[in-house]
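Since the structure comes first, as structure tokens, the remarks are kept for the end.
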Amino acid sequence: MHDSVLGSRLLSLHGLLRRYALCELDMKKISWILLAKEIEHTTTNGGVFGLVFGNENSSSEDSYVERLLDRISNGKLAEDRRNAITELQAIVSESQAAQLAFGAMGFPVLLSVLREERDDVEMVRGALETLVSALTSISHAKVSSNEVQSALMNTDLLSREAESISLLLSLLTEDDFYVRYYTLQLLTALLTNSPQRILESRIAKFHFRLQEAILTIPRGITRLMDMLMDREVIRNEALLLLTHLTREAEEIQKIVVFEGAFEKIFGIIKEEGVSDGGVVVQHMAAVGHESGNVVDAGEGQFIHRVVLEDCLELLNNLLRSNASNQVLLRETIGLDSLISILKLRGSGYTFTQQKGGSDTDPGKDLNKQTNKKTLIQKKVLDHLLMISVESQWAPVAVRCAALRCIGDLIAGDSKNCDVLSSKFLGEEPQVEPALNSILRIILRTSSMQEFIAADFVFKSFCEKNVDGQSMLASTLIPQPFCMNDAPLEEDVNMSFGSMLLHGLTLGENDGDLEVCGRAASVLSHVLKNNLHSKERLLKFSLVLRIEIEAPVPSIGSPEPLMHRMVKYLALASSMKSKDGKSRSSGNSYIQENILKLLITWLADCPDAVHCFLDAHPHITYLLELVSNLSETVCVRGLAAVVLGECVIYNKLTDSATDAFAIVDMTSKKIGLGSYFLKIEEMQKSLVFANLESSLNRKSFTRSSAASMEDIADSDINDLSEQKNMNHTILSSILDSYFVNLVKGLESDIREQIVEVFSHPKMKVAAVPAELEQKIGENDLEYTKRLKAFLEKQCSEIQDLLSRNATLAEDLATKGGGGNFQLEQRVSESSDKVQINALSRDLQEATKRLEILKAEKAEAESDTRKYRSLAEKMEADLRSLSDAYNSLEQSNIELEKQVHSMKNGGPSTFLDVDAIKSEAREEAQKENESELNDLLVCLGQEQSKVDKLSARLLELGEDVDKLLEGVGDDVGNVEDEEEDTE
Amino acid sequence: MSYAYLFKYIIIGDTGVGKSCLLLQFTDKRFQPVHDLTIGVEFGARMITIDNKPIKLQIWDTAGQESFRSITRSYYRGAAGALLVYDITRRETFNHLASWLEDARQHANANMTIMLIGNKCDLAHRRAVSTEEGEQFAKEHGLIFMEASAKTAQNVEEAFIKTAATIYKKIQDGVFDVSNESYGIKVGYGGIPGPSGGRDGPSASAGGCCS
């Protein structure tokens, strides 16, 4: 009898241990202690303990396992088979090789035992125990990472066996306690086997498959639910199984609730809660490290504790994102029970309260609203405030969860906001508004987590709550006395505003700056989207100067609050660079918070921009911050956004700090390309951070609660954890509202800068009329004036050229970066600049085009004329050439004739000659005959003359004289004579 | 929130017969002409009064589609009452009643009270199943019968309340072991009608509908 009591006690401890393994707590020590106990227990029971086989090589284990399986399936003697199964269980729980061997061949054998030998309770029990062992990784053996994870493999194998799930579920109706117990353990093992260690997706699928399988079995879940009414040990196992089963499985969640899960859970909580003596569970890990005695001493409470946590996790699973179940709880059981849990003390309790906030489905908004309303009606706020603000005993994580819950409750619900703002805490006369207390937490806490959680309350309170913002802002009035020496803690008479201001302007030490950063974050919530408050605070800061001047006498002139903020920003960054590495680990995000305040403040508020720009070094400082590579991506990006706001909301004209000047400076000092790059880089990291946080929130389970605990309570050396943490912090500082604001600003900044560039402020206005010589202006003056004008224009052109060059350089360097989107964006913006110029060009071009068109028409008609002329000419030419051709032709012909004539020449010429000579002969003959006749005549005449002369002579006449004249006459006479002849 | 008894109901029947609309009419007193297809199971609750005792009804409205049957079957056993709904304008929904009943008999506890509802009786001009046929079917299978309209709210209250009254009577007759919650009945904290929650519906007396 005593033995069975010890056994069941031990079993429950054993189960709890496995749970803690799931929680990833280092419980090795406890597990050894308990293992030792188990050994003791088993030996007292007389069982055979197969330690012998611990270090055998695998082949012998293979054959040994095979032999045992053979004995089980083929053995004749019941006793022998039972022994075989006991031995098998022992070796499988001891050796990984045996696990592998068993996995390869054992499942069908044991499943058939379960299926067909229900009557032999001992066999069934043994088979189940063996299966559990096969699915449990051997934790104290050193398993190298590349070795096959036999337990996981076996899990997979078993789940593939057809009907295995329904078979196991059917075993839950067995009378034997151990059968039910092992069955539940086996199911849990199937569900939970180390999701972290193998591919997430595969396990998720597998998990899902199992849940599906259980769903398809009628009454499957009903049977599991029945186990909650079983003996304590069974109940605890079933509870654990159900928490795993209900994870991310809406239908199972609903069925479980249908089966009365809420009543049962609250029943268990009530039962266990009573005996819960306020043991702080998160110290259990520490207890485990100390000694076994402590475990023994705390055993009872330890169990209660774990059971309670399981209950809460199950409750959380059932309510998270499950509107149907939320309605059921609200409508039939009421949220009182939930709230009553809050009254119990302990860790993790509050995370059931996630229900209000985690329901993000917009369609279920109504439900969310009702939940919130109901919760507020139930005065849940009081309990939460008590936990978060007033209780010193609650661990940080619990206080944080309570604060976050308050934030969820009031988010987007103005009534709930009002309820919160009207809450007062403390006892008379030390009463103060709850919001003040929360602010005090922000300013005072040493835990970043707690700051973020409390900051979230203000964020929720201020979002879409202009009245609330104004209410808070209205308290921002300087106190009549200087309170820098007054301790923050005690003074409940301090108004919200003065406490905030006090925090803002505390001092210049590292710690003080951190407080300042936190206060800045709160102030940015108060200011966001609230122009009235923004402007009010600007004006107010001038009043503040007196107060501020006192602690800092070195500053002679009045100092607006905003300038003080910038100063602290500069201080924070210089301090950071001075300390170097040591500060980077304990990042308190002072710069981010102050920059966030500045961005929120400047947004849409020209007055604030002007106030900011009042001090000239501010811009220079910002430019430095943007280009300072030792700053984080985020700080650089945020600084760039502030700079951008100075451009967008800058209403100044003609000053050294107007929009144009700032853009000019930016492009000269940083280059617009790299300026935008800074913003973009930050955006990328912001998006990343946001994703991270949403994931974190989703998987808010016990283990993450535990890790939160660790971070808050002790130093965590794990770097990756720290990094993760940083992301979470960053993403809660830069909440989605803020990220959206920055996103909107970014595009505005781009537009504005392009705008500024495309409409450069002209120093010289070129009015053509002015260029004309004025009446009464002499030439010299006119020339001078024109010269001066030209000079001015020249210098301006130089200016523009240089700016153009820097822009081109930007463009070029960016193009080299290879970031396509970036390139596109830059080219887009430069395109915009060009578009103006281009459109002007276009107009000009169209005009020119028209002129050209007219010219063209003219030219065309000319062409036509000329063409016809040309045609005529051509025709002429053609006829000419024809003529020429024919001439040539005839010429050729003639030449040919000549040729041929030349060739044929001699014969004809001969004829000619012959004829000629003939003719000549004839002519000669003729001539001769005529000559002869003449001669005869002549002779006759001569004789006559002689006769006559003689006569004359005789007569006395001078014949010669007479004949003197006759010579000529002779011819005549002769002619006459001839004529007469 | 105190009640004398808590009854669990399920609403079953072919897809599109108006199960979700009946529930909405009963819990919220409104009618939604276009209703999304129910996925899995939806929950609704209301307080009624029978025999001067406050009775809480927890109602699970199931998806009628075949693909959800394996899920919806899980709800049969723990239910004290079932509303089996068909559409009087669609004959096939009436023809499928037998298979629904078979399902119920197989998975539910034997003492489950089943109310047969011929819904959409406002659409008399498109009627495809006569009232007599419905009555006949109910009589043959030992069901309570009513024609109702989720649109006009006709008989909706009555259907839910009459079912509750029948269950109540069975309790009085000692049919159930009320300490066993698997019958879908739970004994409440106070049998006396105390100050109940603001959302509780109007009461109806047992005498009016249970005679």
Under the Karplus curve 6.51 cos²θ - 1.76 cosθ + 1.60, θ = phi - 60°, whole-Hz ³J(HN,Hα) for region B:86-97, x wherever Gly or Pro sits: 10, 10, 5, 9, 10, 4, 4, 5, 6, 5, 7, 4
Amide hydrogen neighbours beyond the local backbone of B:Gly13, cut-off 5 Å, H modeled: B:Val85
Placed amide H near A:Leu425: partners under 5 Å, 5+ positions off or other chain: A:Glu432, A:Ala434
Highest-first arrangement of A:122-129, B:176-183, where packing means the average Cβ count within 10 Å: A:122-129, B:176-183
Diffusion coefficient, µm² s⁻¹, Stokes-Einstein with Kirkwood Rh over alpha-carbon pairs of region B:1-101 at 20 °C and 1.002 mPa s: 150
Under-5 Å amide H pairs with B:Asp51, H placed in peptide plane, nonlocal only: B:Ala206, B:Gly207
Under 13 Å, Cβ to Cβ, from B:Ile88 - net charge with Lys/Arg +1 and Asp/Glu -1: -2
Integer Hz, Karplus 6.51/-1.76/1.60 couplings in order for region A:926-932, x for Gly and Pro: 4, 4, 4, 5, 4, 4, 4
Entries in B:Lys120/B:Lys186; B:Lys8/B:Lys120; A:Lys415/B:Lys8 that, when Cα-Cα distance is taken, lie over 30 Å: B:Lys120/B:Lys186; A:Lys415/B:Lys8
Selection from B:Gln65, B:Phe43, B:Pro33 lying farthest towards where the dipole of region B:1-93 points positive, charges on Cβ: B:Phe43
Rounded to 5, the percent of DSSP beta bridges in region B:3-185 classed as antiparallel: 30
Region B:3-185 - Kirkwood radius from inverse mean 1/r over Cα pairs (Å): 16.2
Residue pairs, from the table A:Lys668/A:Lys743; A:Lys784/A:Lys853; A:Lys596/A:Lys668; A:Lys651/A:Lys792; A:Lys464/A:Lys651, whose Cα atoms sit over 32 Å apart: A:Lys784/A:Lys853
Burial order of peptide ranges A:920-932, A:65-77, B:17-29 (average beta-carbon count within 10 Å, highest first): B:17-29, A:65-77, A:920-932
For A:Glu922, net neighbour charge (Lys/Arg +1, Asp/Glu -1) across residues whose Cβ lies under 13 Å away: -2
Rough spin-label spacing in nm, given labels placed 7 Å along Cα→Cβ, for A:Glu941 and A:Glu772: 11.2
Packing-based order for B:142-149, B:124-131, A:520-527, B:111-118, using average beta carbon neighbours within 10 Å, highest first: A:520-527, B:111-118, B:142-149, B:124-131
³J(HN,Hα), Karplus 6.51/-1.76/1.60, whole Hz, each residue of region A:792-807, x for Gly, Pro: 4, 4, 4, 5, 5, 4, 4, 3, 4, 4, 5, 5, 4, 5, 4, 4
Ellipticity estimate at 222 nm from DSSP helix runs (n ≥ 4, -39,500 (n - 2.57)) divided over chain B, nearest 500: -8000 deg cm²/dmol
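Read-outs throughout are calculated quantities, based only on the coordinates presented, and are distinct from any laboratory measurement. The shown structure was predicted, so the numbers you read here are calculated from the model rather than taken from an experiment. Note: ideal-geometry Cβ built from the backbone for every residue, glycine included; neighbour counts use all protein chains shown.
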